[in-house]
Amino acid sequence: MKNVQEYISQHKDRFLDELMELLKIPSISADKAFIAETRKTAEFVADKLKSAGADKVQLFETEGNPIVYGEKMVSPDLPTVLVYGHYDVQPPDPVELWDSGPFEPVIKKTKLHPEGAIFARGACDDKGQAYMHIKAFEAMVDANHLPCNLKFMIEGEEEVGSVNLGPFCKEYKEMLACDTVLLSDTSIISRDTPSITVGLRGLSYIEVEVQGPNKDLHSGVFGGAVANPVNILCEMIAGLKDENNRITIPNFYDDVVTVTDEERAMMNKAPFDIEVYKENLGIDDVAGEVGYTTLERTSIRPTLDVNGIWGGYIGEGAKTVLPAKANAKISMRLVPNQEPEKITKLFSDHFNNIAPKGVKVTVTPHHGGFPAVTPTDTSEYMAAHQALLKTFGTTPIPERSGGSIPIVSMFEDVFGVKSVMLGFGFNTDDIHSPNEHYGIFNFYKGIETIPYFYEYYASLKK
Ligand code: BES
Ligand code: MN
Ligand code: MN
C-alpha cells in the first residue's frame, strides 16, 4: 500500500491535468446537439481506463450514449467490485451566470477550498469523482497491489434517467457479476466529518399543461370572462401543499416509511449549521414540512417542487394578452417505500380532479426512479468506514442524501447486491448550478481513500 500512495503523490499533477482535459469535452446528455462530443468523452474515458491497466476495455453501444466497460480480474478467489460512474453532465444553463466557461476548467480558491477547486460543469458530478477511480486503479496496478477483482461501468446517460443502463445490466448480467457496486456520485458532510451515503430519494417527474381558449386573447376584451390558464395553473399548484407544507395529493404519504425517533435523533446529531446554510443560499429563512428539521426535510421526507413554469408573454415590455395555455415541470422526491409509478398516477388523477371547468389539463410523466437505502452492517459499508477513518483520521458517519440515483435500486434488483456510496464532493459544490466546482483536496483524498477501500473490503470478505 505504501507504493500505491507513493505513486499517487508522484503523479498528482498529471492526474489533475488529465481531469482538466476530460472536463473540456461537453458531454451534455440532455442535448442531442452534443452527441458527438459525448461519444468523444466516452472514448477519452475508455482510453484512460485502458492505459491505467484495465483489460477488455470496450464501448458498449446503446440506443443512446455508449457505456464504457473495462475490468481487471486478479483471481476467482477474490471478491469482485463493480465501479459505477457517469461521464455525462447536466446542461450548463444559464451560461451567463458562470464566472468562467463551463467547459473551460479553471482552478480558483474558495473559503471551503483553500487549496483550490476546479470550476467546470461535471467537475464534481460526476467526471471528477468517476476519474478518481481510474487514477486509484492506475496506482494499484502500477504497484501491483490489487486486492480485489475490479469491473468498471461508466455510463453517459445518468443525467437523463439512465434509460439504457437497466437493459444493459440485464443483458450483460454475467459479465457484470459482482459482490458489491462502488460509486462516488454523492457527497461528504465536510472535511471534519466524512460521511457515507446510505440513502437516496426516488423521483417522479411530471410535465403539466393547462389549455384554455384556442388562441391567445386580448386581456381587456376577454379578461374577466374567460379562464386564464396561467392563473389556473398557479392556483392548482398552490393547492398541492397545505399550510403545514404537506402535500395534499390524496394517499401521497400512504407508503412512506416512518423513521424511528432514535434514527431521527441520530441523523440530527450530524454537524449542521443552519446559519451557514442560509448564508450560503442567500435566504433569510428555511421553509418546509412542519415538524421536521432541515436535515430531515432533505432526506427522509418526500417533496413536491415546480422545476419550471411558463406561459403567456415573457418578452420585453408589456403585452396585454390572456394566454391560451400554461405549462409546468414538477418533481416529487420520494422516500422508501414510495413507488414512482404509483405516485405519478396519484398526482395525475388528483391534478385532473382539481382542474376547473373552462380548461383542459394534460399530464405527461417523464423519467422516475426508486429510492434506495443501503445497510451499515455489510462488508462494503465497513470497508468504506475504515478507509475514510484511515485517510481523514476521523470517524465517518452514515448520511441519507436528498438526491436521486435511480440505478442504485436497479443494481439491487438485477445483481442482487448492495451498493456502497463513497462520494467526496460537498453539497456546496454547486452541482447542476452555475460555477460547479470540485475541490482539489477532495479529488486527491478520493484517490487516496479508494485503494484502502479495496484492501479492507478484501480482508473483510475473506
Ligand atoms: N449525483 C447526482 C445525485 C446526487 C447528488 C446524490 C448529490 C447525492 C448527492 C446525480 O447525478 C443526479 O443529479 N441525479 C438526478 C436524478 C436523475 C434521474 C436525473 C437528481 O437527483 O436530480
Ligand atoms: Mn451524478
Ligand atoms: Mn447530476
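After finding the eigenvalues of the alpha carbon gyration tensor for the stretch 171-214, what semi-axes result from the square roots of 5 times each, listed largest first in whole Å?
Gyration-tensor ellipsoid for the stretch 171-214: 38, 24, 7 Å.
Here is the link list: LYS329/LYS360; LYS48/LYS390; LYS12/LYS108; LYS12/LYS109; LYS325/LYS360. Which ones come out longer than 21 Å on Cα distance?
Beyond 21 Å between Cα atoms: LYS48/LYS390.
Percent relative contact order of the stretch 1-81, based on C-alpha pairs within less than 8 angstrom and at least six residues apart?
Relative CO of the stretch 1-81 lands at 18 percent.
If you stretched the chain out fully between SER459 and GLU104, how much longer would it get, using 0.36 nm times the residue separation minus the C-alpha to C-alpha distance?
123.6 nm
What do you get for the angle between helix 35-52 and the principal long axis of the chain? Use alpha-carbon atoms, 0 to 90 degrees, nearest ten.
In the chain, helix 35-52 runs at an angle near 20 degrees to the longest axis.
In nanometres, what is the gap between the two model label sites at ASN245 and SER9, each 7 Å from Cα along Cα-to-Cβ?
Modelled inter-label distance: 4.7 nm.
Run the dipole for the stretch 34-168 about the Cα centre, Lys and Arg Cβ at +1, Asp and Glu Cβ at -1, nothing else charged, and hand back the magnitude in debye, nearest 20.
That gives a dipole near 460 debye.
Once the stretch 1-62 is represented by equal point scatterers at the alpha-carbon sites, with solvent omitted, what log10 I(q)/I(0) does the Debye formula produce at q = 0.19, 0.24 Å⁻¹?
For the stretch 1-62, the Cα-only Debye profile gives -0.83, -1.05.
Give me the one-decimal Kirkwood hydrodynamic radius in Å for the stretch 296-337, with the sum taken over alpha-carbon pairs.
13.1 Å
I want to check the label-to-label distance for LYS345 and GLU316. Put each point 7 Å from Cα in the C-beta direction and report it in nm to one decimal.
5.1 nm
As an exercise, use a Förster radius of 56 Å and the Cβ-Cβ distance of TYR172 and ASP255 to find the FRET efficiency, rounded to the nearest 0.05.
0.95
Relative contact order for the chain: what is it in percent, counting Cα pairs under 8 Å that are at least 6 residues apart?
After rounding, I find 25 percent.
Regarding the chain, what whole-number volume in Å³ per residue does the convex hull of its Cα atoms give?
Dividing the Cα hull volume of the chain by its residue count gives 157 Å³.
May I ask you to compute the full-extension gain from GLU263 to ILE35, defined as 0.36 nm times their residue separation minus their alpha-carbon distance, rounded to one decimal in nm?
Answer, rounded to one decimal: 77.6 nm.
Only Cα pairs under 8 Å and at least 6 apart count here; give the relative contact order of the stretch 322-413 as a rounded whole percent.
29 percent
In whole Å, how far is the Cα centre of the stretch 270-333 from that of the stretch 128-185?
Between the Cα centre of the stretch 270-333 and that of the stretch 128-185, the gap is 34 Å.
In terms of the Cα gyration tensor, with a ≥ b ≥ c the square roots of its eigenvalues, is the stretch 326-462 rounded because a/c is under 1.5, prolate because a/b exceeds b/c, or oblate?
Taking the square roots of the gyration eigenvalues as a ≥ b ≥ c, the stretch 326-462 is prolate.
Going by average Cβ density within 10 Å per residue, which order do the peptides 110-116, 121-127 take, highest to lowest?
121-127, 110-116
Which of rounded, prolate, oblate describes the stretch 57-210, given a ≥ b ≥ c as roots of the alpha-carbon gyration tensor eigenvalues and a/c under 1.5 marking rounded, otherwise prolate only if a/b is larger than b/c?
oblate
Checking the cross-link filter: which aspartates and glutamates have an alpha carbon closer than 15 Å to that of LYS50, excluding same-chain neighbours under 8 positions apart?
GLU18, GLU71, GLU138, ASP142
Size of the dipole of the chain about the Cα centre, Lys and Arg at +1 and Asp and Glu at -1 on the beta carbon, nothing else charged, in debye to 20?
My answer is approximately 180 debye.
Here, each number is a calculation from the coordinates, and none is a lab measurement. Keep in mind that what you see is a predicted model, and the values were worked out from it rather than measured. Neighbour counts are summed over all protein chains in view; Cβ atoms, including those assigned to glycine, are modelled from backbone coordinates with ideal geometry.
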